[in-house]
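Computed from the coordinates by the stated procedures, all read-outs in this text should not be read as laboratory data. Everything quoted here is computed from the prediction, not taken from an experiment. Here Cβ is always computed from backbone atoms with ideal geometry, including for glycine, and neighbour counts include all displayed protein chains.
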Amino acid sequence: MLELDGLSVAFGTKPAVRDLSFRVAEGELVCLLGPSGCGKTTTLRAIAGLERPERGRIAVAGRVLADANGSVPPPERRIGFLFQDFALFPHLTVAQNVAYGMTRRQKATDAGRVESLLDRIRLRHRADAYPHMLSGGEQQRVALVRALASRPRVVLLDEPFSSLDASLRGGLREETIRILKDAGVTVLMVTHDPEEALVTADRIVLMRDGRAVQTGTPDALYSRPVDAFTAAFFGAVNRLPGTVERGEIRTGLGALPNPGFPDGAPVEVLIRPDGLSLAADGPGATMQVCSVHFAGASSLVRLGPDHRAPGHEHFHARLPGLVRHDVGEPVRVSIDRDRAFVFGPPR
Ligand code: ATP
């Protein structure tokens, strides 16, 4: 439904988006994820027609919106938006705000559209209220259905939950996704929050410096990252050096299968905190417990060669539930092979 081919956008001589290509299928929800300044918003603005691409092609449902030959003006693109500040028009009622994006013809032929959208967000009884009379969460829901009112084929969401406080965010996110899925609309959503992307997206496009680093399902990016940047983007990781010896990756915490590096090559091994196991004996290396922090569903254990030398290289293990280890206690630390990633040496 949405196709980007080799999209590049620059501000003066400074590239913001470089040779970006991906597709979003009909009814699919794709998240554009990445650190601040990596070009997510610029990509969305180019799709909306608010930035002019330097190169590349943007198409929706097979219709070219922008390429080397020209550009379709924003109002003719049939794209809905919900941006971070979701500003509703303060002088219009809730119903008037929702109807705002509809053409005169749609208002005439699609009677009942506004009421049915307000029903979906349980706010029909507030149709005549003004935005300032609604809570932040209610305003956000109105802004969402306003973006859907004109029956766009594609909806763009830019950090739609970031201005809401944490207690509202989870519930509203679920409701928003349900409404978007029920509408069958194709969605491209920008977020810098990896957890938000993991729980909401069908697929994720992870960006860095204007380029796509990896595109795939949440599970693929989390469990099979293509590089150390991707692995570390989804949460703190333990890093340790390794070498390839006789077909295996040797590390200070034991051996791992070699994904294909030549013998003698130096590699970097990344392990999520839940990929380290602690035992009284067995394989791995002996370390001391430096600290234990209980965090409800899990405990974080800091490990190092000597608990009295805090500056030394240390590791973090996340273990389920409450763990009972004393500071200074020796433990055997080993790697869960399925939760360790091996990459070439850092550049
Ligand atoms: P954030 O999550 O912080 O919003 P982002 O990934 O959405 O970041 P963009 O807003 O797309 O990033 O910005 C990409 C780059 O382009 C940044 O370096 C930014 O400073 C630059 N940039 C964005 N808009 C403009 C502009 N109008 N003029 C000049 N430079 C811009």
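Annotations for the structure displayed:
- Meets criteria (away from the ligand (no atom under 15 Å from the Cβ), in contact with a Ser or Thr (Cβ under 6 Å, 6 or more places away or on another chain) and outside any helix (DSSP H, G or I)) for GLY101: yes
- Residues of segment 211-235 that turn out to be touching a helix residue (DSSP H, G or I) at 6+ places or on another chain (Cβ under 8 Å), not in a helix (DSSP H, G or I) and not aromatic (Phe, Trp, Tyr), as a count: 4
- Residue satisfying all of: in segment 22-50; among the small types (Gly, Ala, Ser) and surrounded by 15 or more Cβ atoms within 10 Å (Cβ to Cβ); farthest from the chain's Cα centre (by Cα) among these: GLY49
- Lone qualifier among LEU65, LEU4 - being crowded, with 20+ Cβ neighbours inside 10 Å, away from the ligand (no atom under 12 Å from the Cβ) and closer than 20 Å to ARG208 by Cβ: LEU4
- Only one of the listed residues (VAL114, VAL145, VAL154, VAL190) is in contact (Cβ under 8 Å) with a residue 24 or more places away in the chain, touching a Cys at 6+ places or on another chain (Cβ under 9 Å) and surrounded by 20 or more Cβ atoms within 10 Å (Cβ to Cβ). That residue is VAL190.
- Which numbered condition ALA108 misses (of (1) part of a helix (DSSP H, G or I); (2) in contact (Cβ under 8 Å) with a residue 60 or more places away in the chain; (3) out of contact with any Ser or Thr (no Cβ under 8 Å at 6 or more places or on another chain); (4) not charged (D, E, K, R)): (2)
- Boolean, ALA95 is more than 30 Å from ALA232 (Cα to Cα), more than 16 Å from the ligand (Cβ to nearest atom), in contact (Cβ under 8 Å) with a residue 12 or more places away in the chain and assigned to a strand (DSSP E or B): no
- Scan of segment 238-257 for residues that are outside any strand (DSSP E or B) and either small (Gly, Ala, Ser) or in contact (Cβ under 8 Å) with a residue 60 or more places away in the chain (or both), ordered by number: GLY247, GLY252, LEU253
- Residues that are under 26 Å from ALA10 (Cβ atoms) and not in a strand (DSSP E or B), drawn from segment 199-210: ASP209, GLY210
- For segment 24-62, a tally of residues being in contact (Cβ under 8 Å) with a residue 60 or more places away in the chain, touching a strand residue (DSSP E or B) at 6+ places or on another chain (Cβ under 8 Å) and away from the ligand (no atom under 13 Å from the Cβ) returns 8.
- Across segment 208-238, the number of residues qualifying as surrounded by fewer than 17 Cβ atoms within 10 Å (Cβ to Cβ), under 22 Å from GLU313 (Cβ atoms) and in contact with an Asp or Glu (Cβ under 9 Å, 6 or more places away or on another chain) comes to 1.
- Segment 78-92 - residue that is among the aliphatic types (A, V, I, L, M) and in a strand (DSSP E or B) and, of those, surrounded by the most Cβ atoms within 10 Å (Cβ to Cβ): ILE79
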